[in-house]
Protein chains: 2
Amino acid sequence: MTIPKFAQIKQFIVNNIRSGAWLENQRVASENELAEQFSVSRMTARRALSELTEAGILTRSQGLGTFVASFKSQSSLLEIKNIADEVKARNGNYSCTVLVLESISAVAPIAIALGVEVDSVVYRSVLVHNENEQPLQVEERFVNPALATSYLQQDFTALTPHEYLSSVAPLTEARHTVEAIMPNSEMCQWLNLYHEEPCLQVIRRTWSSSGIVSFARLVSPGSKYRLGGHLTFKK
Amino acid sequence: MTIPKFAQIKQFIVNNIRSGAWLENQRVASENELAEQFSVSRMTARRALSELTEAGILTRSQGLGTFVASFKSQSSLLEIKNIADEVKARNGNYSCTVLVLESISAVAPIAIALGVEVDSVVYRSVLVHNENEQPLQVEERFVNPALATSYLQQDFTALTPHEYLSSVAPLTEARHTVEAIMPNSEMCQWLNLYHEEPCLQVIRRTWSSSGIVSFARLVSPGSKYRLGGHLTFKK
DNA sequence: CAAGTCATCTTGTATATACAAGGTAAATAT
DNA sequence: ATATTTACCTTGTATATACAAGATGACTTG
(Lines give C-alpha, C1' and ligand atoms only; values in the text may rest on other atoms or scores of the structure.)
Protein backbone atom coordinates (compact mmCIF):
# COMPACT_ATOMS: atom_id res chain seq x y z
CA MET A 1 0.00 0.00 0.00
CA THR A 2 2.08 2.85 -1.30
CA ILE A 3 -0.82 5.22 -1.89
CA PRO A 4 -0.61 8.14 0.57
CA LYS A 5 -3.24 8.17 3.28
CA PHE A 6 -4.77 11.49 2.25
CA ALA A 7 -5.16 10.12 -1.29
CA GLN A 8 -6.89 6.99 0.02
CA ILE A 9 -9.40 9.13 1.86
CA LYS A 10 -9.98 11.20 -1.27
CA GLN A 11 -10.63 8.04 -3.26
CA PHE A 12 -13.05 6.80 -0.63
CA ILE A 13 -15.04 10.02 -0.81
CA VAL A 14 -15.01 10.30 -4.59
CA ASN A 15 -16.07 6.68 -4.96
CA ASN A 16 -19.04 7.27 -2.72
CA ILE A 17 -20.09 10.27 -4.78
CA ARG A 18 -19.51 8.69 -8.18
CA SER A 19 -21.40 5.56 -7.23
CA GLY A 20 -24.37 7.67 -6.26
CA ALA A 21 -24.24 6.57 -2.62
CA TRP A 22 -23.75 10.15 -1.46
CA LEU A 23 -26.13 12.64 -3.03
CA GLU A 24 -25.77 16.34 -3.71
CA ASN A 25 -25.76 18.57 -0.67
CA GLN A 26 -25.50 15.56 1.61
CA ARG A 27 -23.30 16.00 4.63
CA VAL A 28 -19.88 14.36 4.68
CA ALA A 29 -18.10 13.11 7.79
CA SER A 30 -16.25 15.84 9.68
CA GLU A 31 -12.49 16.06 9.85
CA ASN A 32 -12.42 14.49 13.29
CA GLU A 33 -14.76 11.67 12.28
CA LEU A 34 -12.71 10.86 9.19
CA ALA A 35 -9.52 11.03 11.23
CA GLU A 36 -10.87 8.41 13.59
CA GLN A 37 -12.36 6.18 10.85
CA PHE A 38 -9.08 6.05 8.98
CA SER A 39 -6.81 6.20 12.02
CA VAL A 40 -5.02 9.33 10.79
CA SER A 41 -4.47 12.75 12.26
CA ARG A 42 -7.00 15.48 11.77
CA MET A 43 -4.58 17.35 9.48
CA THR A 44 -4.42 14.39 7.09
CA ALA A 45 -8.20 14.01 6.95
CA ARG A 46 -8.38 17.76 6.50
CA ARG A 47 -6.07 17.62 3.50
CA ALA A 48 -8.34 15.15 1.73
CA LEU A 49 -11.39 17.35 2.34
CA SER A 50 -9.57 20.55 1.40
CA GLU A 51 -8.26 19.24 -1.89
CA LEU A 52 -11.65 17.88 -2.90
CA THR A 53 -13.14 21.24 -2.02
CA GLU A 54 -10.55 23.02 -4.14
CA ALA A 55 -11.47 20.67 -6.99
CA GLY A 56 -15.12 21.66 -6.65
CA ILE A 57 -16.33 18.27 -5.49
CA LEU A 58 -17.16 19.31 -1.95
CA THR A 59 -18.18 22.54 -0.33
CA ARG A 60 -17.37 23.46 3.24
CA SER A 61 -18.49 26.09 5.65
CA GLN A 62 -17.05 26.93 8.98
CA GLY A 63 -19.22 25.83 11.86
CA LEU A 64 -21.57 23.80 9.67
CA GLY A 65 -19.63 21.02 8.04
CA THR A 66 -18.65 19.59 4.67
CA PHE A 67 -21.12 18.72 1.93
CA VAL A 68 -21.22 17.12 -1.49
CA ALA A 69 -21.15 20.00 -3.99
CA SER A 70 -24.14 20.36 -6.24
CA PHE A 71 -23.25 19.60 -9.81
CA LYS A 72 -24.84 22.86 -10.88
CA SER A 73 -22.26 24.90 -9.05
CA GLN A 74 -19.48 23.48 -11.13
CA SER A 75 -18.82 25.61 -14.17
CA SER A 76 -18.31 23.60 -17.29
CA LEU A 77 -15.06 24.32 -19.00
CA LEU A 78 -13.83 24.07 -22.53
CA GLU A 79 -10.20 23.89 -23.41
CA ILE A 80 -8.63 25.92 -26.18
CA LYS A 81 -5.51 24.03 -27.11
CA ASN A 82 -2.66 24.86 -29.41
CA ILE A 83 -3.75 23.72 -32.85
CA ALA A 84 -0.36 22.35 -33.83
CA ASP A 85 -0.35 20.14 -30.73
CA GLU A 86 -3.88 18.99 -31.48
CA VAL A 87 -3.02 17.96 -35.00
CA LYS A 88 0.08 16.13 -33.87
CA ALA A 89 -1.89 14.43 -31.07
CA ARG A 90 -4.09 12.71 -33.64
CA ASN A 91 -1.09 11.81 -35.82
CA GLY A 92 -1.93 14.33 -38.51
CA ASN A 93 0.73 16.00 -40.61
CA TYR A 94 0.96 19.58 -39.38
CA SER A 95 2.23 22.39 -41.56
CA CYS A 96 1.92 26.14 -41.64
CA THR A 97 1.85 28.66 -44.50
CA VAL A 98 2.60 32.35 -44.09
CA LEU A 99 0.24 34.40 -46.29
CA VAL A 100 0.82 37.91 -45.01
CA LEU A 101 3.53 39.52 -42.90
CA GLU A 102 3.41 43.30 -42.99
CA SER A 103 3.12 46.52 -41.09
CA ILE A 104 -0.10 48.46 -41.51
CA SER A 105 -1.82 51.54 -40.21
CA ALA A 106 -4.25 50.61 -37.43
CA VAL A 107 -7.89 51.41 -38.08
CA ALA A 108 -9.97 52.26 -35.05
CA PRO A 109 -11.20 48.79 -33.90
CA ILE A 110 -7.73 47.28 -34.22
CA ALA A 111 -6.09 50.22 -32.48
CA ILE A 112 -8.57 49.99 -29.61
CA ALA A 113 -8.11 46.24 -29.24
CA LEU A 114 -4.35 46.71 -29.09
CA GLY A 115 -4.44 49.80 -26.91
CA VAL A 116 -2.48 51.97 -29.36
CA GLU A 117 -3.20 55.26 -31.16
CA VAL A 118 -5.51 55.17 -34.16
CA ASP A 119 -3.53 55.27 -37.45
CA SER A 120 -0.30 54.23 -35.71
CA VAL A 121 1.74 51.43 -37.22
CA VAL A 122 1.06 47.85 -36.10
CA TYR A 123 2.24 44.50 -37.41
CA ARG A 124 -0.12 42.04 -39.04
CA SER A 125 0.33 38.41 -39.95
CA VAL A 126 -1.94 35.89 -41.57
CA LEU A 127 -1.02 32.24 -41.27
CA VAL A 128 -2.80 29.09 -42.35
CA HIS A 129 -2.47 26.01 -40.17
CA ASN A 130 -2.80 22.84 -42.23
CA GLU A 131 -3.54 19.24 -41.34
CA ASN A 132 -2.41 16.82 -44.05
CA GLU A 133 -2.00 19.76 -46.45
CA GLN A 134 -5.63 20.83 -45.97
CA PRO A 135 -6.31 24.25 -44.36
CA LEU A 136 -7.70 23.76 -40.86
CA GLN A 137 -7.45 27.21 -39.34
CA VAL A 138 -6.58 30.73 -40.38
CA GLU A 139 -4.77 32.85 -37.82
CA GLU A 140 -4.92 36.60 -38.40
CA ARG A 141 -2.90 38.44 -35.81
CA PHE A 142 -2.27 42.10 -35.01
CA VAL A 143 0.78 42.80 -32.90
CA ASN A 144 1.81 45.81 -30.83
CA PRO A 145 5.19 46.73 -32.39
CA ALA A 146 6.46 48.33 -29.19
CA LEU A 147 6.40 44.94 -27.45
CA ALA A 148 7.66 42.73 -30.27
CA THR A 149 10.03 44.84 -32.34
CA SER A 150 11.36 42.16 -34.65
CA TYR A 151 8.06 40.36 -35.23
CA LEU A 152 8.25 40.77 -39.00
CA GLN A 153 11.67 39.11 -39.17
CA GLN A 154 10.48 35.80 -37.73
CA ASP A 155 10.05 32.53 -39.58
CA PHE A 156 6.65 31.38 -38.44
CA THR A 157 6.84 28.05 -40.19
CA ALA A 158 9.39 27.08 -37.53
CA LEU A 159 8.15 28.93 -34.44
CA THR A 160 4.50 29.83 -33.92
CA PRO A 161 3.66 33.50 -33.31
CA HIS A 162 2.39 32.56 -29.88
CA GLU A 163 5.69 30.93 -28.99
CA TYR A 164 7.71 33.86 -30.31
CA LEU A 165 5.58 36.41 -28.46
CA SER A 166 5.81 34.41 -25.25
CA SER A 167 9.57 34.60 -25.45
CA VAL A 168 9.88 38.35 -26.04
CA ALA A 169 6.98 39.52 -23.86
CA PRO A 170 6.09 36.95 -21.23
CA LEU A 171 2.32 36.63 -21.12
CA THR A 172 0.42 37.33 -17.96
CA GLU A 173 -3.14 37.13 -19.16
CA ALA A 174 -5.32 36.05 -22.07
CA ARG A 175 -8.99 36.54 -22.91
CA HIS A 176 -11.00 34.54 -25.37
CA THR A 177 -14.37 34.72 -26.98
CA VAL A 178 -15.85 32.12 -29.28
CA GLU A 179 -18.55 32.80 -31.82
CA ALA A 180 -20.06 31.46 -35.01
CA ILE A 181 -19.50 33.56 -38.11
CA MET A 182 -19.90 33.39 -41.85
CA PRO A 183 -16.51 33.80 -43.53
CA ASN A 184 -16.06 36.56 -46.10
CA SER A 185 -14.77 35.72 -49.56
CA GLU A 186 -11.14 36.37 -48.64
CA MET A 187 -11.39 33.98 -45.70
CA CYS A 188 -13.09 31.35 -47.91
CA GLN A 189 -10.14 31.52 -50.25
CA TRP A 190 -7.66 31.17 -47.40
CA LEU A 191 -9.55 28.19 -45.99
CA ASN A 192 -9.99 26.70 -49.45
CA LEU A 193 -13.77 26.53 -49.09
CA TYR A 194 -15.74 26.05 -52.27
CA HIS A 195 -19.10 26.47 -50.61
CA GLU A 196 -19.66 29.00 -47.89
CA GLU A 197 -20.03 27.32 -44.56
CA PRO A 198 -20.27 28.56 -40.96
CA CYS A 199 -16.98 28.90 -39.09
CA LEU A 200 -15.92 28.93 -35.46
CA GLN A 201 -14.05 32.12 -34.64
CA VAL A 202 -11.92 32.45 -31.54
CA ILE A 203 -10.76 35.95 -30.62
CA ARG A 204 -7.75 35.93 -28.33
CA ARG A 205 -6.19 38.99 -26.72
CA THR A 206 -2.97 38.53 -24.77
CA TRP A 207 -1.38 40.76 -22.17
CA SER A 208 2.11 41.00 -20.81
CA SER A 209 3.24 43.08 -17.89
CA SER A 210 3.85 46.05 -20.19
CA GLY A 211 0.50 46.04 -21.97
CA ILE A 212 -1.55 44.38 -24.67
CA VAL A 213 0.75 42.30 -26.84
CA SER A 214 -1.46 41.01 -29.59
CA PHE A 215 -4.92 40.39 -30.83
CA ALA A 216 -5.60 37.24 -32.82
CA ARG A 217 -8.54 35.94 -34.81
CA LEU A 218 -8.57 32.17 -35.27
CA VAL A 219 -11.11 30.97 -37.84
CA SER A 220 -11.87 27.32 -38.57
CA PRO A 221 -14.53 25.70 -40.74
CA GLY A 222 -17.41 24.33 -38.66
CA SER A 223 -17.23 21.07 -40.58
CA LYS A 224 -13.60 20.41 -39.72
CA TYR A 225 -13.06 21.81 -36.27
CA ARG A 226 -14.76 21.80 -32.92
CA LEU A 227 -13.94 22.57 -29.34
CA GLY A 228 -14.34 19.91 -26.75
CA GLY A 229 -14.33 19.69 -23.02
CA HIS A 230 -15.55 17.55 -20.25
CA LEU A 231 -16.34 17.74 -16.63
CA THR A 232 -16.18 14.90 -14.21
CA PHE A 233 -15.88 13.87 -10.63
CA LYS A 234 -12.68 12.00 -11.31
CA LYS A 235 -9.32 13.01 -9.82
CA MET B 1 -3.73 43.10 9.00
CA THR B 2 -6.45 40.48 8.95
CA ILE B 3 -5.23 38.75 5.80
CA PRO B 4 -3.93 35.26 6.63
CA LYS B 5 -0.18 34.83 6.35
CA PHE B 6 -0.34 32.14 3.68
CA ALA B 7 -2.52 34.47 1.59
CA GLN B 8 -0.02 37.30 1.97
CA ILE B 9 2.73 35.07 0.67
CA LYS B 10 0.54 34.03 -2.24
CA GLN B 11 -0.09 37.68 -3.09
CA PHE B 12 3.61 38.43 -2.91
CA ILE B 13 4.39 35.66 -5.36
CA VAL B 14 1.54 36.43 -7.76
CA ASN B 15 2.43 40.12 -7.77
CA ASN B 16 5.99 39.33 -8.74
CA ILE B 17 4.80 37.16 -11.61
CA ARG B 18 2.10 39.53 -12.84
CA SER B 19 4.45 42.49 -12.79
CA GLY B 20 6.88 40.59 -14.96
CA ALA B 21 9.60 40.62 -12.32
CA TRP B 22 9.69 36.83 -12.23
CA LEU B 23 9.77 35.18 -15.64
CA GLU B 24 8.59 31.82 -16.83
CA ASN B 25 10.51 28.83 -15.54
CA GLN B 26 12.41 31.04 -13.12
CA ARG B 27 13.11 29.51 -9.75
CA VAL B 28 11.09 30.63 -6.75
CA ALA B 29 12.36 30.73 -3.17
CA SER B 30 12.18 27.38 -1.40
CA GLU B 31 9.80 26.64 1.44
CA ASN B 32 12.50 27.19 4.02
CA GLU B 33 13.65 30.47 2.45
CA LEU B 34 10.10 31.81 2.29
CA ALA B 35 9.48 30.69 5.85
CA GLU B 36 12.44 32.72 7.03
CA GLN B 37 11.69 35.78 4.85
CA PHE B 38 8.13 36.01 6.13
CA SER B 39 8.84 34.74 9.63
CA VAL B 40 6.38 31.89 9.37
CA SER B 41 6.68 28.16 9.74
CA ARG B 42 7.65 26.02 6.82
CA MET B 43 4.13 24.55 6.70
CA THR B 44 2.62 27.99 6.14
CA ALA B 45 5.06 28.86 3.36
CA ARG B 46 4.39 25.45 1.93
CA ARG B 47 0.66 26.11 1.84
CA ALA B 48 1.18 29.22 -0.27
CA LEU B 49 3.37 27.34 -2.75
CA SER B 50 1.09 24.32 -2.85
CA GLU B 51 -2.05 26.32 -3.55
CA LEU B 52 -0.39 28.31 -6.32
CA THR B 53 0.84 25.06 -7.80
CA GLU B 54 -2.66 23.61 -7.67
CA ALA B 55 -3.86 26.75 -9.47
CA GLY B 56 -1.32 26.16 -12.24
CA ILE B 57 0.77 29.24 -11.49
CA LEU B 58 3.80 27.37 -10.19
CA THR B 59 5.27 23.98 -10.83
CA ARG B 60 7.25 22.02 -8.28
CA SER B 61 9.44 19.00 -8.34
CA GLN B 62 10.83 17.10 -5.46
CA GLY B 63 14.52 17.63 -4.98
CA LEU B 64 14.72 20.47 -7.50
CA GLY B 65 12.57 23.32 -6.30
CA THR B 66 9.61 25.48 -7.28
CA PHE B 67 9.35 27.38 -10.57
CA VAL B 68 7.08 29.85 -12.31
CA ALA B 69 4.85 27.81 -14.61
CA SER B 70 5.19 28.47 -18.30
CA PHE B 71 2.15 30.23 -19.66
CA LYS B 72 1.96 27.74 -22.48
CA SER B 73 1.32 24.87 -20.14
CA GLN B 74 -1.85 26.46 -18.91
CA SER B 75 -4.79 25.29 -20.95
CA SER B 76 -7.14 28.08 -21.79
CA LEU B 77 -10.59 27.44 -20.54
CA LEU B 78 -13.99 28.56 -21.61
CA GLU B 79 -16.94 28.48 -19.30
CA ILE B 80 -20.31 27.18 -20.36
CA LYS B 81 -22.73 28.82 -17.99
CA ASN B 82 -26.39 28.32 -17.40
CA ILE B 83 -28.12 30.58 -19.90
CA ALA B 84 -30.84 31.67 -17.49
CA ASP B 85 -28.18 32.82 -15.03
CA GLU B 86 -26.33 34.65 -17.78
CA VAL B 87 -29.41 36.56 -18.87
CA LYS B 88 -30.28 37.48 -15.31
CA ALA B 89 -26.69 38.53 -14.67
CA ARG B 90 -26.97 41.24 -17.31
CA ASN B 91 -30.40 42.29 -16.03
CA GLY B 92 -32.24 40.83 -18.99
CA ASN B 93 -35.76 39.50 -18.71
CA TYR B 94 -35.48 35.72 -18.91
CA SER B 95 -38.34 33.53 -20.06
CA CYS B 96 -38.73 30.08 -21.47
CA THR B 97 -41.22 28.57 -23.93
CA VAL B 98 -41.91 24.85 -24.25
CA LEU B 99 -42.35 23.94 -27.90
CA VAL B 100 -42.27 20.16 -27.78
CA LEU B 101 -42.61 17.61 -24.99
CA GLU B 102 -43.14 14.10 -26.29
CA SER B 103 -42.00 10.52 -26.36
CA ILE B 104 -40.55 9.30 -29.62
CA SER B 105 -38.89 6.26 -31.09
CA ALA B 106 -35.12 6.64 -31.02
CA VAL B 107 -33.41 6.60 -34.42
CA ALA B 108 -29.89 5.20 -34.48
CA PRO B 109 -27.75 8.28 -33.69
CA ILE B 110 -30.00 9.31 -30.79
CA ALA B 111 -30.14 5.78 -29.42
CA ILE B 112 -26.36 5.49 -29.56
CA ALA B 113 -25.83 8.85 -27.87
CA LEU B 114 -28.20 7.82 -25.08
CA GLY B 115 -26.94 4.27 -24.82
CA VAL B 116 -30.37 2.67 -25.40
CA GLU B 117 -31.75 0.22 -27.99
CA VAL B 118 -32.53 1.53 -31.48
CA ASP B 119 -36.30 2.16 -31.89
CA SER B 120 -36.88 2.15 -28.13
CA VAL B 121 -38.93 4.94 -26.62
CA VAL B 122 -37.11 8.07 -25.41
CA TYR B 123 -38.36 11.45 -24.26
CA ARG B 124 -37.73 14.60 -26.26
CA SER B 125 -38.19 18.23 -25.36
CA VAL B 126 -37.60 21.43 -27.28
CA LEU B 127 -37.45 24.66 -25.30
CA VAL B 128 -36.68 28.20 -26.34
CA HIS B 129 -34.80 30.40 -23.88
CA ASN B 130 -35.70 34.06 -24.38
CA GLU B 131 -34.05 37.29 -23.34
CA ASN B 132 -36.48 40.22 -23.34
CA GLU B 133 -38.97 38.10 -25.29
CA GLN B 134 -36.43 37.47 -28.08
CA PRO B 135 -35.27 33.87 -28.70
CA LEU B 136 -31.66 33.48 -27.58
CA GLN B 137 -31.16 29.73 -27.52
CA VAL B 138 -33.01 26.60 -28.53
CA GLU B 139 -32.54 23.57 -26.31
CA GLU B 140 -33.41 20.23 -27.87
CA ARG B 141 -33.00 17.42 -25.41
CA PHE B 142 -33.33 13.65 -25.57
CA VAL B 143 -33.78 11.90 -22.25
CA ASN B 144 -33.31 8.31 -21.17
CA PRO B 145 -36.78 7.43 -19.80
CA ALA B 146 -35.40 4.77 -17.46
CA LEU B 147 -33.56 7.44 -15.47
CA ALA B 148 -36.18 10.20 -15.48
CA THR B 149 -39.55 8.50 -15.53
CA SER B 150 -41.77 11.52 -15.06
CA TYR B 151 -39.84 13.86 -17.36
CA LEU B 152 -42.88 14.59 -19.53
CA GLN B 153 -44.95 15.71 -16.56
CA GLN B 154 -42.64 18.56 -15.60
CA ASP B 155 -43.29 22.27 -16.01
CA PHE B 156 -40.07 23.50 -17.59
CA THR B 157 -41.04 27.14 -17.46
CA ALA B 158 -40.51 26.89 -13.70
CA LEU B 159 -37.66 24.39 -13.40
CA THR B 160 -35.07 23.91 -16.13
CA PRO B 161 -34.60 20.38 -17.51
CA HIS B 162 -31.04 20.43 -16.19
CA GLU B 163 -32.24 21.23 -12.69
CA TYR B 164 -34.96 18.56 -12.82
CA LEU B 165 -32.59 15.91 -14.12
CA SER B 166 -30.03 16.78 -11.47
CA SER B 167 -32.60 16.14 -8.79
CA VAL B 168 -33.78 12.74 -10.05
CA ALA B 169 -30.45 11.39 -11.33
CA PRO B 170 -27.51 13.15 -9.70
CA LEU B 171 -24.99 13.95 -12.39
CA THR B 172 -21.49 12.60 -12.20
CA GLU B 173 -20.07 13.66 -15.54
CA ALA B 174 -20.72 15.88 -18.54
CA ARG B 175 -19.09 16.21 -21.94
CA HIS B 176 -19.38 19.12 -24.29
CA THR B 177 -18.47 19.94 -27.83
CA VAL B 178 -18.89 23.30 -29.51
CA GLU B 179 -19.19 23.81 -33.23
CA ALA B 180 -20.45 26.23 -35.81
CA ILE B 181 -23.46 25.10 -37.83
CA MET B 182 -26.00 26.47 -40.25
CA PRO B 183 -29.49 26.08 -38.79
CA ASN B 184 -32.12 24.18 -40.76
CA SER B 185 -35.43 25.83 -41.55
CA GLU B 186 -37.15 24.45 -38.47
CA MET B 187 -34.41 25.83 -36.23
CA CYS B 188 -34.63 29.21 -37.99
CA GLN B 189 -38.31 29.34 -37.17
CA TRP B 190 -37.69 28.47 -33.55
CA LEU B 191 -34.98 31.13 -33.28
CA ASN B 192 -37.12 33.62 -35.16
CA LEU B 193 -34.39 34.21 -37.76
CA TYR B 194 -35.49 35.93 -40.97
CA HIS B 195 -32.14 35.51 -42.66
CA GLU B 196 -30.09 32.38 -42.29
CA GLU B 197 -27.07 33.01 -40.11
CA PRO B 198 -24.40 30.78 -38.55
CA CYS B 199 -25.13 29.44 -35.10
CA LEU B 200 -23.07 28.15 -32.19
CA GLN B 201 -24.10 24.65 -31.25
CA VAL B 202 -23.16 23.09 -27.93
CA ILE B 203 -23.71 19.36 -27.58
CA ARG B 204 -23.89 18.24 -23.98
CA ARG B 205 -24.11 14.65 -22.78
CA THR B 206 -24.64 14.02 -19.09
CA TRP B 207 -24.00 10.91 -17.05
CA SER B 208 -25.23 9.77 -13.68
CA SER B 209 -24.02 6.77 -11.75
CA SER B 210 -26.60 4.58 -13.50
CA GLY B 211 -25.82 5.61 -17.08
CA ILE B 212 -26.32 8.28 -19.70
CA VAL B 213 -29.11 10.57 -18.60
CA SER B 214 -29.60 12.93 -21.48
CA PHE B 215 -28.23 14.38 -24.64
CA ALA B 216 -28.85 18.06 -25.35
CA ARG B 217 -28.28 20.30 -28.33
CA LEU B 218 -28.07 24.00 -27.50
CA VAL B 219 -28.23 26.27 -30.55
CA SER B 220 -27.78 30.04 -30.45
CA PRO B 221 -27.49 32.59 -33.25
CA GLY B 222 -23.90 33.69 -33.81
CA SER B 223 -25.00 37.30 -33.82
CA LYS B 224 -26.57 37.16 -30.37
CA TYR B 225 -24.50 34.73 -28.38
CA ARG B 226 -20.88 33.99 -27.72
CA LEU B 227 -18.85 32.02 -25.25
CA GLY B 228 -16.29 33.84 -23.21
CA GLY B 229 -13.46 32.88 -20.98
CA HIS B 230 -10.27 34.22 -19.69
CA LEU B 231 -7.06 33.05 -18.24
CA THR B 232 -5.04 35.00 -15.81
CA PHE B 233 -2.51 34.85 -13.07
CA LYS B 234 -4.94 36.35 -10.59
CA LYS B 235 -6.19 34.48 -7.53
C1' DC C 1 -41.64 33.69 28.38
C1' DA C 2 -37.83 35.89 26.16
C1' DA C 3 -33.06 37.20 25.91
C1' DG C 4 -28.62 36.34 26.57
C1' DT C 5 -24.88 33.04 27.80
C1' DC C 6 -22.46 28.92 27.48
C1' DA C 7 -21.00 24.45 25.86
C1' DT C 8 -19.89 22.12 22.01
C1' DC C 9 -19.80 21.00 17.58
C1' DT C 10 -17.79 22.49 13.04
C1' DT C 11 -13.94 24.43 9.81
C1' DG C 12 -9.79 27.76 9.50
C1' DT C 13 -5.07 29.26 10.58
C1' DA C 14 -0.56 28.44 12.35
C1' DT C 15 3.42 26.11 14.42
C1' DA C 16 6.98 22.59 15.53
C1' DT C 17 8.51 18.34 14.47
C1' DA C 18 9.74 13.96 12.18
C1' DC C 19 10.94 11.19 8.51
C1' DA C 20 10.67 9.84 3.40
C1' DA C 21 12.26 10.52 -1.12
C1' DG C 22 14.15 12.97 -5.28
C1' DG C 23 18.14 15.56 -7.12
C1' DT C 24 22.82 17.68 -7.20
C1' DA C 25 27.37 18.22 -6.22
C1' DA C 26 31.31 17.61 -3.56
C1' DA C 27 34.18 14.34 -1.22
C1' DT C 28 35.93 9.82 -1.18
C1' DA C 29 37.43 5.29 -2.53
C1' DT C 30 38.72 2.22 -6.19
C1' DA D 1 40.50 9.31 -13.92
C1' DT D 2 36.31 7.00 -12.91
C1' DA D 3 32.92 5.26 -10.09
C1' DT D 4 30.72 5.30 -5.65
C1' DT D 5 29.45 7.18 -1.54
C1' DT D 6 28.09 10.92 1.26
C1' DA D 7 26.26 15.31 2.57
C1' DC D 8 22.96 18.56 1.80
C1' DC D 9 19.65 20.72 -0.52
C1' DT D 10 14.83 20.31 -2.22
C1' DT D 11 9.67 18.83 -1.93
C1' DG D 12 6.29 15.23 0.04
C1' DT D 13 3.80 12.92 3.79
C1' DA D 14 2.19 12.68 8.44
C1' DT D 15 1.41 13.85 13.32
C1' DA D 16 0.30 16.47 17.60
C1' DT D 17 -0.98 20.63 19.23
C1' DA D 18 -2.98 25.29 19.90
C1' DC D 19 -6.14 28.76 19.28
C1' DA D 20 -9.56 31.47 16.25
C1' DA D 21 -14.04 31.82 14.47
C1' DG D 22 -18.71 30.41 12.64
C1' DA D 23 -23.06 27.79 13.83
C1' DT D 24 -26.23 25.48 16.78
C1' DG D 25 -28.82 24.13 20.57
C1' DA D 26 -29.32 23.83 25.47
C1' DC D 27 -29.18 26.17 29.60
C1' DT D 28 -29.46 30.06 32.56
C1' DT D 29 -30.96 34.47 33.82
C1' DG D 30 -33.78 38.54 33.68
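Being in contact with a His (Cβ under 6 Å, 6 or more places away or on another chain), at negative phi and in the same structural domain as B:LEU191 (by TED's automatic domain parsing) holds for only one residue in B:ARG175, B:ARG124, and it is B:ARG175.
Residue-by-condition table, conditions (1) closer than 15 Å to A:ALA113 by Cα; (2) aliphatic (A, V, I, L, M); (3) open to solvent by 40 Å² or more (accessible area, probe 1.4 Å); (4) under 17 Å from the mean Cα position of the chain (by Cα):
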position	(1), (2), (3), (4)
A:ASN144	yes, no, no, no
A:ASP155	no, no, yes, no
A:GLU173	yes, no, no, yes
A:VAL202	yes, yes, no, yes
A:TRP207	yes, no, yes, yes
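Just to check your reading of the model, which residue among B:GLU186, B:GLU179, B:GLU197 is more than 23 Å from the chain's Cα centre (by Cα), within 12 Å of chain A (Cβ to nearest Cβ) and open to solvent by 20 Å² or more (accessible area, probe 1.4 Å)? Steps first, please.
Numbers: B:GLU186 fails: within 12 Å of chain A (Cβ to nearest Cβ); B:GLU179 fails: more than 23 Å from the chain's Cα centre (by Cα).
B:GLU197 is the lone residue from the list that is more than 23 Å from the chain's Cα centre (by Cα), within 12 Å of chain A (Cβ to nearest Cβ) and open to solvent by 20 Å² or more (accessible area, probe 1.4 Å).
Scan segment B:3-22 for residues that are within 14 Å of chain A (Cβ to nearest Cβ) and small (Gly, Ala, Ser) and jot them down. Passing the criteria: B:SER19, B:GLY20, B:ALA21.
Kindly provide the set of residues from segment A:23-51 that are within 12 Å of chain B (Cβ to nearest Cβ) and within 14 Å of DNA strand C (Cβ to nearest atom), ordered by number. Correct list: A:GLN26, A:MET43, A:ARG46, A:ARG47, A:SER50, A:GLU51. Of all residues in segment B:78-103 being surrounded by fewer than 15 Cβ atoms within 10 Å (Cβ to Cβ) and in contact with a helix residue (DSSP H, G or I) (Cβ under 8 Å, 6 or more places away or on another chain), which is modelled with the lowest pLDDT? Looking at the filtered set, the residue picked out is B:ASN93. As a summary of the residue check, A:SER61 satisfies the conditions (1) closer than 30 Å to B:ARG204 by Cβ; (2) more than 9 Å from DNA strand D (Cβ to nearest atom); (3) modelled with pLDDT of 85 or more except for the one numbered (2). Residues in segment A:64-77 that are of a type outside the set (A, V, I, L, M) and away from DNA strand C (no atom under 11 Å from the Cβ) were compared, and the one that is modelled with the highest pLDDT is A:SER70. Residues that are of a type in the set (Gly, Ala, Ser) and surrounded by 14 or more Cβ atoms within 10 Å (Cβ to Cβ) number at least 3 in the following helices (runs of 4 or more DSSP H) confined to segment A:1-73: A:42-54.
The values are calculated or read from the model by the stated rules, or taken from the named source; none is laboratory data. All values derive from a computational prediction rather than experimental measurement. All Cβ positions, glycine included, derive from the backbone under ideal geometry; neighbour counts span all protein chains shown. Surface accessibility is based on the protein's heavy atoms, side chains included, excluding ligands, DNA and RNA. Shrake-Rupley method; radii C 1.70, N 1.55, O 1.52, S 1.80 Å.
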